[in-house]
Amino acid sequence: MAESNELHHPDGRVELRDTSHIEASPLYNHDLAPVPVSRRNWTTYNYAALWISMAHCIPTYMLASGLMNSGMDWKQALFTILLGNTIVLIPILLNSHPGTKYGIPFPVFARAAYGTLGSNLPALMRALVACGWFGIQAWIGGEALDTFFRAVIPGWKGLLGAGFAGHTGTEWLSFLLFWGLNIFIIYRGMDLLRKVENWAAPYVLVVTAVLLVWAIRAAKGLGPLLSHPGHLPTMAEFLPVFIPSLTAMIGFWATLSLNMPDFTRFGRSQREQVIGQTVALPTTMFVFAAMGVMITSASAIIFGEAIWDPVKLVGRFQHPVIVAIAMFSVVIATLAVNIAANVVSPANDFANALPKFISFKTGGLITGLIGIAMMPWKLLADPKGYIFTWLLGYSGALGSIAGVLITDYWIVRKKKLDLEALYLSDGAYRGWNMAGVIATLTGCALAGGALLKWNGEHLIPFLKPLYDYAWFVGFFVSGALYWLLSRMMGTAAPAAE
């Protein structure tokens, strides 16, 4: 019997002894290749810092605002945020495992459940959502840069004229400058990204804490929002708002619940990536959202109105140095989350479609261009629509993919993959695995079918109640159907240990 090309380490991690057999494959390129164990050096701190820096972003800060605008009080809003992030941590950890074990990115991992060609379905679905998020974060970062320039350059606002679409020429310039900074870091590679995340995480937390202390002292208290009773006093009134809100909170990180292998492939051990993520994600989301509530509440006393957007809040300050430091912090925070959460995955996803023609760097550039085309300034125009349309709308599709991936890896294959075959067009995972495709499309149809309308009327009215549970519907329907279809249609045998 020929010796296996897989090298199994005592800690459970697997690598290939020799990659020469797969390097000529059309499914292989350097960026998608399995990471050798010698280069898997991310520690507990790296994963904690990754999540802290990703959670310390303007959308997290503003999450509670959309919930409170829908009638919740601050305690209900923060409970919803904490519960949603605790729930989404489960699929995040389940999908992180194969990354650390086999050193593979998300689109390569998806080849086991969908086939080497079929993996482009979940990869490109995930990529398009990330492009939208990239645009949103790039616009926020551009706003911060614009506020910074206004503080240090006299007459900046009118320097390039009135602009268009309700935004000045300098606002558009600031947006493009921030966009370019993201692309520059991507072209420098993952190691620079890790360094940016490591120091951005504590820096942004400290600056936000200073802003909180200032707000409480200036307001001589925490302000009116913390005594606001909300408009949902009974359970019958609360639940119709709570359920779609919880689903939207899960949707906030449903993207990362799929593509964490893009990061855990560099993990030093399963234990370190699990602890780092578990400690950092739910706690940071809760604490940062709570800071947003308290600072906004204090702003109602200081400025006479509740200012949820920290960029606009800092823009009220008069001292240029304070504005400059605060806006630099916002730029760093937004840059850290945007690259980690919204560029790494789609860059790999686009590369997976044409590995020999699209590199990680080219995939990052494609992400940036599509992000502009999705007009993020419109997505951010309405906070309520942002939560209940954008986050809720795509959560069902991503939940469907997560259901298939987790069922395939943990139940059908019992954590055993043929690492080499994942890169071969004629191997065990070749072509399309129709069980994964059918299960995913069915979950998407049931979770998002309520969006189909004609003349304002729902085309499939009986699906409307399912929409509020979109992520859950997609996840459980697709997972159960995939398990059933795998038994009926047969699935490629797992690799022998």
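Computed from the C-beta positions of N5 and F184, the FRET efficiency with R₀ = 41 Å rounds to 0.65. Within the same chain, lysines fewer than 8 places from K416 are excluded, and of the rest, those with a Cα less than 25 Å from its Cα are K101.
Length available on full extension from R39 to L159: 0.36 nm per residue minus the Cα-Cα distance, which gives 38.4 nm. Once the Kirkwood radius over Cα pairs is known for the stretch 1-137, the Stokes-Einstein relation at 25 °C and 0.890 mPa s delivers a diffusion coefficient of 134 µm²/s. Relative to its residue count, the chain spans a Cα convex hull of 149 Å³ per residue.
For the stretch 320-367 versus the stretch 159-181, the inter-centroid distance based on Cα atoms is 19 Å. Taking the longest Cα principal axis of the chain as reference, the axis of helix 58-69 is set at about 70 degrees.
Overall, the anisotropy analysis places the stretch 191-252 in the oblate class: the square-rooted eigenvalues a ≥ b ≥ c of its C-alpha gyration tensor yield a/c not less than 1.5, with a/b not exceeding b/c. Helix 190-219 and the longest principal axis of the C-alpha atoms of the chain enclose an angle of approximately 30°. What you get for the chain, charging only the Cβ of Lys and Arg (+1) and of Asp and Glu (-1), is a dipole of about 380 debye around the Cα centre.
Bridging of K220 to lysines at a Cα separation below 16 Å is possible for none of them, once same-chain residues fewer than 8 apart are set aside.
Going by the alpha-carbon gyration tensor, a ≥ b ≥ c the square roots of its eigenvalues, is the stretch 290-343 rounded (a/c under 1.5) or, if a/c is not under 1.5, prolate (a/b greater than b/c) versus oblate? Here the stretch 290-343 falls in the oblate category. Relative to the longest principal axis of the Cα atoms of the chain, helix 235-252 runs at roughly 60 degrees. Each other residue within a Cβ distance under 13 Å of N46 adds +1 if Lys or Arg and -1 if Asp or Glu, for a net charge of +2. Remark: the F303-M489 segment gains 60.5 nm on full extension, using 0.36 nm per residue and subtracting the alpha carbon distance.
When the P(r) is computed for the stretch 308-384, the part past 14 Å accounts for 72% of the Cα-Cα pairs.
Peptide packing for 284-296, 169-181 was compared via the average number of neighbouring C-beta atoms within 10 Å per residue; ordered from the highest value, the list is 284-296, 169-181.
The numbers here are math on the coordinates, done by the rules we state, and not lab data. What you are looking at is a predicted structure, and each value in this text was computed from that prediction instead of being measured. All Cβ positions, glycine included, derive from the backbone under ideal geometry; neighbour counts span all protein chains shown.
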